[in-house]
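Participant: Structure incoming, see below.
Quick note: the coordinates plus some simple rules give every number you see, no bench work behind them. The structure presented is a predicted model; accordingly, all values stated were derived computationally and were not measured. Cβ: placed from backbone, ideal geometry, glycine included. Neighbour counts: every protein chain shown.
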Amino acid sequence: MAEHHEHEEAKGESLLEKLSGKIHDHDSSSSSDSDNEKTSPSESLKSKVFRLFGRENPIHHVLGGGKPADVFLWRNKKVSASTLGVATAIWVLFELFEYHLLTLVCHILIFVLAGLFLWSNASTFINKSPPKIPQVHIPEKPVLEFASALRAEINRAFAVLRDIASGRDLKKFLSVIAVLWVFSILGNWTNFLTLFYIAFVLLHTVPVLYEKYEDRVDSFGEKAFAEIKKQYAVFDAKVLSKIPRGPLKDKKKD
């Protein structure tokens, strides 16, 4: 009888342990569900955060990633400073000192070839080894890949221009006209080299500043885009909607 009583007590204890384990699992699952419910609104809020130009990836990924993005974002300050310094030196040579590209290339080749020639001939007299001039070969594959990518981009630009000229999208047409007009004004103010140098400097300053003050810029951009949309809606209702549109796309055949 004592053994039977102990056996019944053991069964009772095992049943209690199972019940307590189930209750614990239920509590943990309910707590995890409540945690998920608590975190889901925050995740949804994060997904709804306004980003400039509707981007979803980090600015490093938008710039293409890899070494060029590292240079623009000053991941390696020495490389970025050196690149910007070389560009500044080239701009000073051509713009301030009024040096010409062909003259600069010829002078560099003259000094390099003269130095190597003298070194090669003088090495026999000073008992030193002649300079090791490497053989330079341009590989075919990168050139073909670059040409193919350039061809694709040019074809895409032609397709966009054709779509704009067809008169189907008035908004895109006005945007392109505005951009071209701004570039024409900049062309009157400065030459192509200075414009290229300004763009190069902006690429080395604007992305890194935007990455540093991303939240503030995006908040200001959200307000600015909302105001622009509001003004564009008024302009569309009063002006654009009254302008006759161009021919439609290919009509369906009956």
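Participant: Okay, which of the range 92-126 sit inside 17 Å, backbone N to the point 7 Å along the Cα-Cβ direction of I133?
Facilitator: From the range 92-126, the list is 106-124.
Participant: List the trypsin sites (Lys or Arg not before Pro) in the range 60-118 that DSSP assigns to loop (not H, G, I, E or B) and whose Cβ has at most 13 other Cβ atoms within 10 Å. Which are they?
Facilitator: Values: sites: R75, K77, K78; in loops: R75.
Those that pass, being in a loop and sparsely packed, are R75.
Participant: Beyond a 21 Å Cα-Cα separation, which of these cross-linked pairs lie in this structure: K78/K132; K77/K132; K77/K212; K67/K132?
Facilitator: Details: K78/K132 28 Å; K77/K132 32 Å; K77/K212 15 Å; K67/K132 29 Å.
With Cα atoms farther than 21 Å apart: K78/K132; K77/K132; K67/K132.
Participant: Restricting attention to the range 139-214, which trypsin sites (Lys or Arg not before Pro) occupy a DSSP loop and are surrounded by at most 14 other Cβ atoms within 10 Å? If you can, show how the numbers build up before the last one.
Facilitator: Values: sites: R151, R156, R162, R168, K171, K172, K212; in loops: R168.
For trypsin sites (Lys or Arg not before Pro) across the range 139-214 that sit outside H, G, I, E and B with at most 14 neighbouring Cβ atoms in 10 Å, the list reads R168.
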